[in-house]
Amino acid sequence: MSLMALRERLNVLVNSMFLEGLLDQQFRQLQMLQDASSPGFVAEVITLFCEDSERMLTELTKLLDQAVVDYQKVDAYVHQLKGSSSSVGAQNVKLACIQFKQFCEENNKEGCLSALNMVKHQYYSLRSKFDTMLQLEQRIQAYDSEQQN
Amino acid sequence: MSSPRGPKACGGGAADRQIHVLAVDDSSVDRAVIARLLRSSKYRVTTVDSGKKALELLGLEPNVNMIITDYWMPEMTGYELLKIVKESSALREIPVVIMSSENVPNRINRCLEEGAEDFLLKPVRPSDVARLCNRMR
């Protein structure tokens, strides 16, 4: 596939993610911070976000599996996840976390379990598109460095 | 507001007297973002993930020009770090900026009263960083 076609595909993907509410303007801010001096910035942030999120989703699953739920700990993790999704521009994940916090404050176990499922659903939808995005980025970068050689 | 440096003159400065900012945040995502924001203004940036590590670093390198710290961190909050810095004769001149994802007026006031230079709401924007340039030591 030509470089132009790759770039086009990436643009179409990212634009669709904005339209679907997966990403918000914060992601644009991150894209604008990427330049020649830090060509891997967006990929780095996405990778850190995914690692962080999966770790927190695992912890949240464990915490909600307990007979007696420690809502303070749950809240702390949801707060963190909400923060990092906000920083990366992961809008749907952030919104799902806000809902989750509500149920947590009410100490509502059923609500928390359903909110956790929603967060997971939103996260994994986003994650699969982020994976495609990163693959396209890598192929584009490879082209660019080939061109320079 | 008059200042010896207008907005255009802001930035990290020449390598030999480059402005050094210490960024403290327990979130790896937020550390990456704040570091990039600061580096794109040519500041030299060191990131740490806790108040404790921040104090260790400051013990070795007290000539940091600004500390920018998250509010909510396990073990030591940004507020607690701010208090320790302002109570230390070696460190109290360093401007401290607090970041938070929550807009809580009481919290903001408490931090400002304790001597915080500014309070930024996350996600932090380039315009927020630009605004800090006149506050560096």
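So if I check each of A:GLN31, A:GLN66, which one is assigned to a helix (DSSP H, G or I) and either at pLDDT 95 or above or more than 9 Å from chain B (Cβ to nearest Cβ) (or both)?
Residue meeting the stated conditions: A:GLN31.
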Might you check whether a residue that is exposed (fewer than 15 other Cβ atoms within 10 Å of the Cβ), in a helix (DSSP H, G or I) and within 20 Å of the chain's Cα centre (by Cα) occurs anywhere in segment A:133-142?
yes
In segment B:19-47, what residues are polar (S, T, N, Q), buried (at least 19 other Cβ atoms within 10 Å of the Cβ) and either more than 7 Å from chain A (Cβ to nearest Cβ) or out of contact with any Leu (no Cβ under 7 Å at 6 or more places or on another chain) (or both)?
B:SER27, B:THR47
Give me the residue from segment A:42-62 that is away from chain B (no Cβ under 14 Å) and surrounded by fewer than 20 Cβ atoms within 10 Å (Cβ to Cβ) and, out of that set, nearest to A:VAL93 (Cα to Cα).
A:LEU57
Could you tell me which numbered condition A:ALA115 fails, if it satisfies all but one of (1) under 24 Å from B:ASP25 (Cα atoms); (2) crowded, with 22+ Cβ neighbours inside 10 Å; (3) free of Cβ contacts under 8 Å to residues at least 24 places away in the same chain?
(1)
Here the qualifying pairs (Cβ atoms under 7 Å; residues six or more apart or on different chains; first in segment A:127-149 and under 20 Å from A:ILE46 (Cβ atoms); second basic (Lys, Arg)) come out as A:LEU136/A:ARG9; A:ILE140/A:ARG7
Single residue of A:LEU57, A:LEU22, A:LEU6 found to be within 18 Å of A:SER128 (Cα to Cα), in contact (Cβ under 8 Å) with a residue 60 or more places away in the chain and over 21 Å from the mean Cα position of the chain (by Cα):
A:LEU6
Only one of these conditions is not met by A:HIS79: (1) within 10 Å of another protein chain (Cβ to nearest Cβ); (2) under 21 Å from A:GLN122 (Cβ atoms); (3) crowded, with 20+ Cβ neighbours inside 10 Å; (4) free of Cβ contacts under 8 Å to residues at least 40 places away in the same chain. Which number is it?
(3)
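The values are calculated or read from the model by the stated rules, or taken from the named source; none is laboratory data. No experiment lies behind these values; they were computed from the predicted model shown. Note that we place each Cβ from the backbone using ideal geometry, even for glycine, and neighbour counts take in every protein chain shown.
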